[in-house]
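The structure under discussion appears below in the form of structure tokens.
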Amino acid sequence: MSNSYAVLIFVIGTLIMMLFAFTLVIFLIIHKKKRYEHLLEKQQMANDYQTQLLQSQLEVQEQSFKYFSEEIHDNIGQLLSIVKMQLYNIRNNSKEQETITKATESNELLGKAITDLRNISHTLNSAFVSNAGLADAIEKDLEYIRSAKDVSCTLHRSGEERDLGNERELLIFRIIQEAIGNAIKHASPTAIDIYLEYRQGGALNVMIQDNGSGFDMSEKMNGGIGLNNMHVRAGLLKGIIEVSSIKDRGTIIALEITAEVA
């Protein structure tokens, strides 16, 4: 009996130790899981805060664009129209040919300036993109650039076009605007091509290609405000943006938006 009792005690002790060890392992697993979930929650909160901050910054920027758009349209545009009318009256009432010629030339230049200002006013206002749609808004912006900057600009579309939603289309439009603005300001291109590729399953690829001066990719790329703005907007789209360039051969900016977002 004593041997059997000893064996029983040993077995029970072993089971208790195994149960304790098992409980400890489960406790550690649960603890680590909770800690991991807590870290994920903190990371998600940080990401949400960062996203909200970026969205707020862009909203402020859009409000500024809207203000400038209205200021150009309502005040500057009207003042220039009044000046244009006065030049028209001077031309019609003058009897000196030189005055008539100068007034006519000035009137034509002023008319072009008014048209350019109206184009700028439209593209600054987010309502323009919402009303026109992404592709047509891009076409209008390129039309202005062709007339004002003497740069050949072409929009290439492929795939079945669809509505991506006002907010997403505005973000994409602003990325394209930033890319074009950077190219014209820093690279002096003679041609800019925009590619919109609507892919199966809802994905969208955007490419902005110019034949400007480009830069050496082996050198540290300067992260200016324009490029940072593009990355911020791409982040809000949950998209991937890549920049590739060859010195004296141009630059390509590619934006990829997954089907889940698009």
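Going through the cross-link list K84/K112; K140/K238; K84/K185; K84/K149, which pairs have a Cα-Cα distance over 21 Å in this structure? Intermediate results must be reported in sequence, preceding the final value.
Numbers: K84/K112 11 Å; K140/K238 26 Å; K84/K185 30 Å; K84/K149 23 Å.
Pairs exceeding the cut-off: K140/K238; K84/K185; K84/K149.
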Karplus (6.51, -1.76, 1.60) ³J(HN,Hα), θ = phi - 60°, over the range 183-194, in Hz, Gly and Pro reported as x: 4, 5, 6, 10, 10, 6, x, 9, 8, 10, 10, 10
The range 150-194: mean projected area of Cα convex hull, nm²: 3.6
Sites S188 and K102, calculated FRET efficiency, Cβ-Cβ separation with R0 25 Å, nearest 0.05: 0.20
Per-pair calculated FRET efficiency, R0 = 51 Å: F22 and T258 via Cβ, rounded to 0.05: 0.75
FRET efficiency estimate (nearest 0.05) - Cβ-Cβ, A135 to N89, R0 45 angstrom: 0.60
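Given that compact globular proteins tend to follow 2.2 N^0.38 Å, what is the ratio of the alpha-carbon Rg of the range 127-256 to that value?
On the way: Rg = 14.2 Å, N = 130, 2.2 N^0.38 = 14.0 Å.
Against the compact-globule rule of thumb, the ratio is 1.01.
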Burial ordering of E105, E169, fewest other beta-carbon atoms within 10 Å first: E105, E169
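Coordinate-derived values only; no laboratory data. Please read all numbers here as calculations on a predicted model, not as lab measurements. Every residue, glycine as well, gets a Cβ built from its backbone with ideal geometry; the counts of neighbours run over all protein chains shown.
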